[in-house]
């Protein structure tokens, strides 16, 4: 199961789901129907069928949580090191300006830790640690609205 934050289930949600499976196991022992169990626990019938199959093959222990699907490639300790590297700025790492892009952060992680991330993986990693995109709070003082309007009218149609 994938979620918008880029991770799987949290520890709390994993524990909650495990309790649901145990509750379903108690109902399996009573001989209740899958549809009734699914309705009572507010889960899909397919999940209950899957749980019943696991329960019948391995008993109640088969319904225990197996933990997170995978561990993060970059530990919290190494992420702290990455944050210190990012605070030095992009110029300190050889780029011509101070802009940190996901691609540049991906390259930095590869150089510094010898770990390969995808661009989406870098975005998920940063999101899990509370980082967000940089969005200017206001327009640049140097912005010339008349020049922008002129460009949109005259140049943009030719580019399109």
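The values are calculated or read from the model by the stated rules, or taken from the named source; none is laboratory data. Just so we're clear, the structure is a prediction, and the values are computed from it rather than from any experiment. Methodologically, a virtual Cβ is constructed for each residue, glycine included, from the backbone with ideal geometry; neighbour enumeration extends over all protein chains shown.
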Q. Taking the range 1-38 as the search range and keeping residues that are surrounded by 11 or more Cβ atoms within 10 Å (Cβ to Cβ) and in a loop (DSSP other than H, G, I, E, B), which one is modelled with the lowest pLDDT?
A. 6
(Q) Of everything in the range 127-152, what is surrounded by 10 or more Cβ atoms within 10 Å (Cβ to Cβ) and closer than 30 Å to residue 79 by Cβ? Give them in sequence order. (A) 127, 128, 129, 131
Q: Kindly check whether there is at least one residue in the range 62-81 that is over 26 Å from the mean Cα position of the chain (by Cα) and under 22 Å from residue 14 (Cα atoms).
A: yes
